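Asker: Got a structure here, written out as structure tokens. Questions coming.
The values are calculated or read from the model by the stated rules, or taken from the named source; none is laboratory data. Nothing here was measured: the structure is a model prediction, and the numbers come from that model. In this analysis, Cβ positions are derived from the backbone assuming ideal geometry, glycine residues included, and neighbour counts consider all displayed protein chains. These area figures cover heavy atoms from the full protein model, side chains too; ligands, DNA and RNA do not enter into them. Shrake-Rupley method; radii C 1.70, N 1.55, O 1.52, S 1.80 Å.
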Amino acid sequence: DGDELTLSFALRSPQALQGYQIFYEDNGDALLYFNPKVTIYSSEQPLKGMIIVVDPGHGGRDIGAPGVLGEIGPNEKEITFVTSMVVKNRLESLGATVLTTVDDSIDDLSKAELNDRNIFASYNKADLFLSFHCNSIATTSNGGDASGTEIYYHEASSKRLADLVQQN
């Protein structure tokens, strides 16, 4: 009926692929990137060859959610920054190349919007993009009833990793 387009691609060299990304340029061009399937090299460095982007989620003037002690306690920005740096160090110890969306030595005053952080991850051909956030609950609510974590993922191929993170 003219509303569908089917494209077929032949790879020059056989390799396992896992997913793809499509980017649209301002001039109307579409860019298509195929993601190679990650190979685990060794048990000591299982993430060798992977590029992982770690995003503290908030920064600069955006403090995110207030802490449990309100103005005097740590806020979301501070908690996610420290958490992100701990995760960054652990991932690097497992062999990953880890990039952060903020300078990991300071809390700079610039705050990139989520879409810009996604573009950063795509531009650097990240195999994984982790964005850390902490929710809060009003002091008037029954905080004892709130618990747990939330894991969001975009691609169906990411579900296994999301499940593993949630379980551990």
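Asker: When the residues of the range 111-124 are filtered to those that are closer than 18 Å to K88 by Cβ and in a loop (DSSP other than H, G, I, E, B), which remaining residue is modelled with the highest pLDDT?
Answerer: N124
Asker: Which ones in the range 88-106 are more than 16 Å from L130 (Cα to Cα) and either modelled with pLDDT of 90 or more or among the acidic types (D, E) (or both)?
Answerer: If the condition is that a residue be more than 16 Å from L130 (Cα to Cα) and either modelled with pLDDT of 90 or more or among the acidic types (D, E) (or both), then S93, G95 are the ones that fit.
Asker: For a quick check of your reading of the model, give me the residue pairs whose first member lies in the range 113-130 and is farther than 23 Å from I63 by Cβ, whose second is modelled with pLDDT of 85 or more and assigned to a loop (DSSP other than H, G, I, E, B), with beta-carbon atoms closer than 7 Å and at least 6 apart or on different chains.
Answerer: These pairs meet every condition: D127/M50; L128/M50.
Asker: Kindly provide the set of residues from the range 42-79 that are closer than 25 Å to E113 by Cβ, open to solvent by 30 Å² or more (accessible area, probe 1.4 Å) and either part of a loop (DSSP other than H, G, I, E, B) or at pLDDT below 70 (or both), ordered by number.
Answerer: H58, R61, I63, P66, P74
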